[in-house]
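Colleague: Sending over a structure as structure tokens; questions will come in a sec.
The numbers here are math on the coordinates, done by the rules we state, and not lab data. Just so we're clear, the structure is a prediction, and the values are computed from it rather than from any experiment. With ideal geometry, Cβ positions are generated from the backbone for all residues, glycine too; neighbour counts draw on all protein chains shown.
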2 protein chains.
Amino acid sequence: MAKTIFHPETDQIELTTVLEALSDPIRRDIVLGLSEDGEQNCSSFNGLSSKTNLTYHYVRLREAGLTRTRPMGTHRLITLRADDIESRFPGLLAAVLAAARAERAQRQAEDLSASLIGEARPRSEDGA
Amino acid sequence: MAKTIFHPETDQIELTTVLEALSDPIRRDIVLGLSEDGEQNCSSFNGLSSKTNLTYHYVRLREAGLTRTRPMGTHRLITLRADDIESRFPGLLAAVLAAARAERAQRQAEDLSASLIGEARPRSEDGA
């Protein structure tokens, strides 16, 4: 199984494809995880979506030039091409990651707040 | 015709919507034009696409929070909400604009090079 995994060269990475790849919240979560924890086994992100969806997201990220995939036995390890993206589009990935971190913090605060409200006041079945 | 034109508040501008809006090359050209020349009549961008397409792109940009539209008689004037985007997602718009400028320069160089080659060597009808 010596199938070559396609990765675009750095100078062939396109802004449209990168922005499309980063416009999806699950793909941003994957990118954020890779930026924080380094190389990951694909299965590390199983909590984010179904396996089929994740496979699709990994392909989008890799073909956009955002990640590099390398096979390791039956596993696939994935890293963020942070330096390549930085040299191609200076400042872009850092700005998106900062925004994604802020977004995640806000979401966690909202989830916490909703769960506290939920505990204090059981949800009514009345839609109004 | 006192129809209100919807604009999201700055703190309601969402990263997903902004990145989706910026992932289109024509919308990036509009954003680039607004960043360089300030407020524009919508018709300034008529060279970029059909009127119907442009109308769609203006709505996407405005609803994403990237632009502000104000009616002036029978015209619509459009500005970039650069400060709002900067305060919401620091560094993001600047990085995308820099990348879009680089992309435009590359495209212009390629067009020039293609037209010089075209002049020197008339295009063959042979697909090979």
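Colleague: For A:THR67, list long-range residues whose amide hydrogen, built 1.01 Å from N in the peptide plane, is under 5 Å from its own amide hydrogen.
Modeller: Distant-sequence amide H within range of A:THR67: A:ARG62, A:ARG81.
Colleague: When the distances between all Cα atoms of the range A:1-70 are binned every 10 Å from zero, what whole-number percent does each bin get?
Modeller: For the range A:1-70, the binned pair fractions read 19, 54, 25, 1 percent.
Colleague: While we're here: Divide by every residue of chain B the summed helix terms, -39500 (n - 2.57) for each DSSP H run of at least 4, and state the resulting mean residue ellipticity at 222 nm, rounded to the nearest 500 deg cm²/dmol.
Modeller: Mean residue ellipticity at 222 nm (helix-derived): -18000 deg cm²/dmol.
Colleague: How do A:PHE6, B:PHE89 rank when sorted from fewest to most other Cβ atoms within 10 Å of their own Cβ?
Modeller: A:PHE6, B:PHE89
Colleague: Here is a further query. On the first, second and third principal axes, largest extent first, how far apart are the outermost C-alpha atoms of the range A:12-128 in Å?
Modeller: 53, 35, 24
Colleague: Which whole number of Å³ per residue matches the convex hull of the alpha-carbon atoms in the range A:55-102?
Modeller: Taking the convex hull of the Cα positions in the range A:55-102, it is 83 Å³ per residue.
Colleague: Just to be sure I understand: with springs between alpha-carbon atoms less than 10 Å apart, which residue in A:LEU61, A:LEU116, A:LEU22 has the highest mean-square fluctuation in the Gaussian network model of chain A?
Modeller: With Cα springs under 10 Å in chain A, the top fluctuation among A:LEU61, A:LEU116, A:LEU22 is at A:LEU116.
Colleague: Right, next: Modelled label-to-label distance, A:TYR56 and A:HIS75, 7 Å Cα→beta-carbon offset: nm?
Modeller: About 2.6 nm separates the two model spin labels.
Colleague: How far apart, in nm, are the 7 Å Cα→Cβ label points at B:SER43 and A:SER115?
Modeller: Using points 7 Å along Cα→Cβ, the separation is 5.7 nm.
Colleague: Further question: Could you work out how far helix A:25-37 tilts from the main Cα principal axis of chain A, as a 0 to 90 degree angle to the nearest 10?
Modeller: The helix A:25-37 is inclined about 70 degrees to chain A.
Colleague: Assign unit charges at the C-beta atoms only (+1 for Lys and Arg, -1 for Asp and Glu), then state the dipole size of chain A relative to its Cα centre in Debye, rounded to the nearest 20.
Modeller: Charge dipole, chain A, about its Cα centre: 400 debye, nearest 20.
Colleague: I would also like to ask the following. What percent of all Cα-Cα pairs in the protein assembly as shown falls in each 10 Å bin, counting up from 0?
Modeller: Calculated P(r), rounded to whole percents: 6, 24, 27, 23, 14, 4, 1, 0.
Colleague: Exactly which GluC sites (Glu not before Pro) in the range A:36-128 are in a DSSP loop and have at most 15 other Cβ atoms within 10 Å?
Modeller: Passing both the DSSP loop test and the Cβ count: A:GLU39, A:GLU125.
Colleague: Between copies, how far does the label point of A:ASP11 sit from its twins, in nm, shortest first, when each point is 7 Å from Cα along Cα→Cβ?
Modeller: Between copies, matching label points for A:ASP11 lie 4.7 nm apart.
Colleague: Residue separation times 0.36 nm, minus the C-alpha to C-alpha distance between A:GLU36 and A:ASP83: what's the value?
Modeller: Result: 15.5 nm gained on full extension.
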